[in-house]
Amino acid sequence: MQSYDFQGIESKWQAAWRSNPKLAFDPQNLDNAFYNLVMFPYPSGSRLHIGHWFNYSGIDIFGRFKKMQGFNVFQPLGYDSFGLPAENFAIKTNIAPQDSTAKNIKIMNEQIDGIGGMFEDKYRMITSSPEYYKWTQWLFLKLHKAGLAFQKEALVNWDPVDQTVIANEQILPDGTAERSGAMVEKKMMKQWFFKITDYAEDLLDFSELNWPAKTITMQKNWIGKSQGTVINFAGENFEIECFTTRIDTVFGVEYVVLAPEHPLLKTIVPESHMDQVSEYQNQTALKSEIDRSSTELEKTGLFTGAYVTNPLNGKKVPVWTADYVIYTYGTGAVMGVPAHDARDFIFANKYKLAISQVIQSDSDLPVLEHGTLINSDKYNGLNTSEAITAISADLKAMNKGELQTTYRLRDWSVGRQRYWGCPIPIVYDPEGQVVPIPEEHLPWELPTDVDYKPTGVPPLGSSKQLQANVEKIFGPGYRAEFDTLDAFVCSSFYLNRYANHADPSQLATEEQMQKLIPVDLYMGGAEHACMHLLYVRFIHKFLRDQGLFTCNEPVKRLIHQGIITKDGAKMSKSKGNVVNPDDYVNKFGADVFRMYMMFQGPFTEGGDFSDEGIIGVLRFRDKLLRFYENPKELDATKESDYKRELNSLLEKSIKDYENFQFNTVMAACMEFYNFIAKHGAEQNGLESLIQILAPLAPHLAEHAWHELLGKTESIFLSQFQEVDKSALVSNTCVYAIQVNGKMRASLEFDTAAEKESIIANVSQRPEIAKYLEGKEVVKTIFVPGKIVSFVVKG
RNA sequence: GCCUGGAUGGCGGAACUGGUAGACGCGCAAGACUUAAAAUCUUGUUCCUUCGGGAGUCCGGGUUCGAUUCCCGGUCCAGGUACCA
């Protein structure tokens, strides 16, 4: 064999593909379109790592497979380029995020080209470009007009040294800020939100999704619908609204607990307790929500000095504050029922609070199960669900509460006190009132004369450009919104923009919205299950309600690629375990590396990276090339075996490609090769094998297709051979013979053989007869084509 | 903590709706070719064994003629946990 010049061959075909219009997406022919979308990357400063490579090879394999099934494949890849890392880099180096991002994109583009993917260069859009973020702002304005973009007070992570809001990611496990080292606090600030909770019910309808079941389960739990009751406990001149799913235990209430952030604490705490409560609030501000909800950590809490009255039995109970109550869930206040709630029980024991049982049971407290009410006046004898109905109805009649559905889902906080994000298209008039920026002024550009370093004011506050622009358009006394948008907003609608990204006049054409959406296949990491993938659905449903779409979901089929770890951990620069794919691509070529990555295991599971075994794929490539250069003729006596092997290769591979089981496609190709290497092949087998391999090893396949099989048109314009089902039928089958569930023999029979004759034959065989001798056969199980199983006694 | 997954030879993994566990590849061993090595090819390779068999898919139970697969309980690992995206 001549040595295979993979570098020359790969770059030759990459160029040929790029200049072949038949291989490109045809925007005029959307009826036959297959929208094959992969989640776009963040252009970080480090090069593509193995995980990216795995991901983009995977989408490309599927796209090429669809291309070979005759679809007009649309496979764009852009950049989600707003975000924290470029800003942190700017703070450190004073290099503008615009510049570092452009540089990173250039490098990543080159690396992506090296994969040999059929990504559409023409559609490589970038979310931080004004042409793109004009539409992010357009979306914001639409949401604002619909009343779904609003401001409210919310807790943020506050770095008291840098005088800035910081991301969760920037906080170290000990609660200090990564950059400044200060102890991070929680602080209330006015923030922009999108009202995703209005769509909670709609988002719980998963009926049109061909998504992994686990993703749907995660979203369902994330939204967390729960039916319960709100109940008002009255104090001297205030009311505390509590949410509970167990209003049947209301006669067991011994105290009421407010989350430490609860605004009522400001007003209800008597002077005598104020200092202690403030101190407790400060303590809590230092804890993370994960720590707070842990059942392992000891519960803490504090009596506030206030009392409220239970509206159902008139009992006066103390008001506490405790950090196991989360402000953002329910009403931020709970009723304490120590006898029937595990956390309340621990809490009451620790603080020596009373415990009264109101659900009948013989077991020890706390009794968490549903049951019959006791010590509950007129509700005694009712069961839990009857009592919930009756008590809720009575509360409603008293105007002290009612049945209510609560969701765990919170509104989407979209405001960021950062520079490197999409500017929020809002200004404030001289009275401080919100004024949306009219659409004709979009894109509302991000200024460049800013101080990236944290100074106590958001970076946009330092821009003279921005202020001048505001005054020019709106007049003196107006001020810009300094917050920018969460990068998740940019990625919540990008799928609609790719096809039309060069057209400034509309988000997408009518035809594109009708025919490209929903996306046929969307691929991305499972880590996006609850946030990005929920935001995309929310925004789609909103745009549908605005009349842009008729379909209910943005994405038909979803696939998660597995995570490629190194030494058991997710690759990250900070862990120093990033594997660079370039070394392998340079050494073995893109095809071998693609095949190797896919052969390693199921695509949807990923795994720990190791290069042990890449040699096997390299050997396979070379063996294959040698065989194609000098093919062996089919041994005539193996004709029917050959047909069976070939057709089972076709059938299995096409099914496995469809299910993203690329590892077994590779195995099937190797198996078929092993067969033909031994017994020879005909032209149809040589062509089919190279076609099946083409999505995995596109350059190699194209090379062999032209140079070794003499074809003149691209292999990606060819189609797979039809499966001949009749060739798959064998005239014998092997039965596993079991006695009492243990395998004792495997015997071959004619496919047409009758059950009775097989059983009779089997029981005569010496290797089976010795186990049946002197025993009574109680039962014989016969599974056609598979199993004969004897159950014996004695 | 909570939500969601995962665990199969020395290693990566395969196994249709409960039906012969270990396909395919790596590694390893032996052999062929070679002065030798590399490359290539052939054969073998879950473990134990008194060679009859026995054990075996994270651990402990259960359902079944039969469980990697279904059910209950646990261990460990991973992802997410709302301002990384």
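Here, region A:592-714 is characterised by an Rg to Rh ratio of 0.97, where Rg is the alpha-carbon radius of gyration and Rh the Kirkwood radius. Suppose the Debye formula is applied to equal point scatterers at every Cα of region A:507-613; what is log10 I(q)/I(0) at q = 0.16 Å⁻¹? Log10 I(q)/I(0), no solvent term: -0.84. For region A:1-85, the solvent-accessible area with a 1.4 angstrom probe is 35 square angstrom per residue.
Could you point to the residue in A:Gln738, A:Tyr657, A:Gln721 farthest towards the positive end of region A:649-757's charge dipole, with +1 and -1 charges on the Cβ of Lys/Arg and Asp/Glu respectively? About the Cα centre, the residue reaching furthest to the positive side is A:Gln738.
The H on the amide N of A:Thr164, modeled in the peptide plane, is under 5 Å from the matching H of A:Asp159, each at least 5 residues off or on a different chain. Rolled with a 1.4 Å probe across the full set of protein chains, the surface gives A:His540 an accessible area near 10 Å². Of the GluC sites (Glu not before Pro) found in region A:423-516, the ones in coil according to DSSP and having at most 12 other Cβ atoms within 10 Å of their Cβ are A:Glu431.
Send over a whole-number figure in Å² for the accessible area per residue of region A:130-185, probe 1.4 Å. Kindly include the intermediate steps, with their values, before the conclusion.
Details: 2630 Å² over 56 residues.
Per residue, region A:130-185 has 47 Å² of solvent-accessible surface.
With the helix formula -39500 (n - 2.57) applied to DSSP H stretches of n ≥ 4, chain A reaches a computed 222 nm mean residue ellipticity of -10500 deg cm²/dmol.
Computed about its Cα centre, the charge dipole of region A:204-301 is approximately 460 debye, with only Lys, Arg, Asp and Glu carrying charge at their Cβ. Semi-axes of the equivalent ellipsoid for region A:425-467, computed as √(5λ) from the eigenvalues of its C-alpha gyration tensor and ordered from largest down, come to 21, 14, 7 Å.
Extent along the principal axes, Cα only, for region A:373-518: 71, 46, 29 Å, with the longest axis given first. Extension gain, A:Asp362-A:Thr328: 0.36 nm per intervening residue step, less the Cα-Cα distance, totals 8.6 nm. Of A:Lys92/A:Lys214; A:Lys587/A:Lys711; A:Lys103/A:Lys187; A:Lys214/A:Lys643, which sit over 32 Å apart, Cα to Cα? Beyond 32 Å between Cα atoms: A:Lys92/A:Lys214; A:Lys103/A:Lys187; A:Lys214/A:Lys643. If you wrap the Cα atoms of region A:297-393 in a convex hull and average its projected area over all directions, you get 7.0 nm².
Take the solvent-accessible surface of the protein heavy atoms, probe 1.4 Å, and return the percent of it on chain A that carbon and sulfur atoms account for. Carbon and sulfur: 50 percent of the exposed surface of chain A. P(r) for chain A, from all Cα pairs and a bin width of 20 Å, is 13, 35, 31, 18, 3, 0 %, short bins first. Computed 3J(HN,Hα) for region A:476-488, one whole-Hz value per residue from the Karplus formula 6.51 cos²θ - 1.76 cosθ + 1.60 where θ = phi - 60°, is x, x, 7, 9, 6, 6, 8, 6, 10, 8, 3, 5, 5, glycine and proline marked x. Sparsely packed loop sites in region A:704-794 (the GluC sites (Glu not before Pro) outside DSSP H, G, I, E and B with at most 16 other Cβ atoms within 10 Å) comprise A:Glu713, A:Glu722, A:Glu754, A:Glu773. The base-10 log of I(q)/I(0) for region A:618-684, evaluated at q = 0.15, 0.17, 0.26 Å⁻¹, reads -0.49, -0.62, -1.15 [Debye formula, identical scatterers on Cα atoms, solvent excluded]. Around the amide H of A:Gln738, modelled in the peptide plane, lie the amide H atoms of A:Arg744, A:Val788, A:Ser789, A:Phe790, all under 5 Å away and 5 or more residues distant in sequence or on another chain.
Site pair A:Ala234 and A:Ser413 shows an inter-label distance of 3.6 nm when each label is modelled 7 Å from Cα along Cα→Cβ. Each residue, A:Ala677 and A:Phe150, gets one label point 7 Å from its Cα in the Cβ direction; the gap between the two is 6.8 nm.
Please give the length that would be gained between A:Glu201 and A:Ile787 if that part of the chain were fully extended, namely 0.36 nm times their separation in residues minus their C-alpha to C-alpha distance (nm, one decimal). Working it through step by step, the gained length comes to 206.0 nm.
Label point of A:Ala342 set 7 angstrom out along Cα-Cβ; within region A:217-249, amide nitrogens under 20 Å from it belong to A:221-222, A:224-227, A:244-249. Here the Karplus curve 6.51 cos²θ - 1.76 cosθ + 1.60, taken at θ = phi - 60°, turns the phi angles of region A:412-419 into couplings of 7, 6, 10, x, 10, 8, 9, 8 Hz, with x standing for Gly and Pro. Kirkwood radius, region A:444-527, all distinct C-alpha pairs, inverse of mean reciprocal distance: 16.3 Å.
Calculate the tail of P(r) for region A:161-242: the fraction of all Cα-Cα distances greater than 18 Å, expressed in %. The proportion of pairs with Cα distances above 18 Å equals 70 percent. Where both partners of a DSSP beta bridge lie in region A:217-343, what percent of those bridges are antiparallel, to the nearest 5? Taking every DSSP beta bridge with both residues in region A:217-343, the antiparallel ones total about 85 percent. Only one residue of A:Phe345, A:Thr384, A:Leu373 has its Cα farthest out toward the positive end of the dipole of region A:341-414, where Lys and Arg carry +1 and Asp and Glu -1 on Cβ, and that residue is A:Phe345. Note on A:Val230: accessible area approximately 10 square angstrom, rounded to 10, probe 1.4 Å, nucleic acids and ligands left out. The ellipsoid equivalent to the alpha-carbon distribution of region A:371-435 has semi-axes of 50, 17, 8 angstrom, derived from the gyration tensor eigenvalues as √(5λ) and listed largest first. Panel note: the C-alpha atoms of region A:157-296, placed on their principal axes, show extents of 56, 49, 34 Å (largest first).
Pairs over the 30 Å Cα-Cα cut-off, from the set A:Lys570/A:Lys623; A:Lys195/A:Lys352; A:Lys134/A:Lys515: A:Lys570/A:Lys623; A:Lys195/A:Lys352. Using a probe of 1.4 Å, the accessible surface attributed to A:Asp483 totals some 10 Å² when neighbouring protein chains are kept in position. Full extension of the segment from A:Ala667 to A:Lys570, taken as 0.36 nm per residue of separation minus the current Cα-Cα distance, would add 32.2 nm. Restricting the calculation to Cα atoms, region A:97-226 shows an Rg/Rh of 1.05 when the hydrodynamic-style radius is the Kirkwood one. Put a dot 7 Å past the Cα of A:Lys187, heading toward its Cβ, do the same for A:Glu629, and the two dots end up 7.0 nm apart.
Averaging 1/r across all pairs of distinct Cα atoms in region A:316-455 and inverting the result yields a Kirkwood radius of 20.5 Å. Per residue, the accessible area of region A:503-660 comes to 43 Å² when a 1.4 Å probe rolls over the protein heavy atoms. Among A:Ile247, A:Val334, A:Trp211, flag the residue with its Cα farthest along the positive direction of the charge dipole of chain A, charges on Cβ as +1 for Lys/Arg and -1 for Asp/Glu. Toward the positive end, the furthest listed residue is A:Trp211.
One quarter of the convex hull surface built on the alpha carbon atoms of region A:7-54 amounts to 5.4 nm², the projected area averaged over directions.
What's the FRET efficiency of A:Gln7 with A:Lys711 using the Cβ-Cβ distance as r and R₀ = 22 Å, to the nearest 0.05? Walk me through the numbers before you get to the answer.
On the way: r = 23 Å, r/R0 = 1.03.
It comes to 0.45.
Residue ranking by accessible heavy-atom surface, 1.4 Å probe, largest first, among A:Ser714, A:Ser640, A:Ser361 comes out as A:Ser640, A:Ser361, A:Ser714.
The values are calculated or read from the model by the stated rules, or taken from the named source; none is laboratory data. Just so it is clear, the structure is predicted and the values come from calculations on it, not from any experiment. Please note: Cβ atoms are built from the backbone with ideal geometry, for glycine as well, and neighbour counts cover all protein chains shown. Side chains included, ligands, DNA and RNA excluded: accessible areas come from the protein's heavy atoms. Shrake-Rupley method; radii C 1.70, N 1.55, O 1.52, S 1.80 Å.
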